[in-house]
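A.B. asks: Following this message is one structure expressed as structure tokens.
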Amino acid sequence: LAKVSHDLKQAIMKARQAKKMTQKQLANELNESVQTIQWYESGKIVPNNALIARMDRVLGTKLPRVRKSKPTPELDAPPAK
């Protein structure tokens, strides 16, 4: 599970706005849907680090990377038989 960072969603929005790009323009540059960009900026979904690297290039910035949360033993253990 990836943690949605408030910093990441804010950074995406601020970097896009600094480049004077609309969500549609960013979506076109990344070959993503506008809705996907909206979800990234709202924190509804988390882009993977490869996509974040593409956003870095398009937006000319360095966005925070997604960290994986540590597994919880009781959640990741196989079911008892």
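The values are calculated or read from the model by the stated rules, or taken from the named source; none is laboratory data. The structure presented is a predicted model; accordingly, all values stated were derived computationally and were not measured. Side chains included, ligands, DNA and RNA excluded: accessible areas come from the protein's heavy atoms. Shrake-Rupley method; radii C 1.70, N 1.55, O 1.52, S 1.80 Å.
A.B. asks: For segment 1-49, with all protein chains present and a 1.4 Å probe, just round the carbon and sulfur fraction of the accessible area to a whole percent.
C.D. replies: 47 percent
A.B. asks: Ordering Lys9, Lys24 by how much accessible area each has at a 1.4 Å probe, largest first, what is the list?
C.D. replies: Output order, biggest surface exposure first: Lys24, Lys9.
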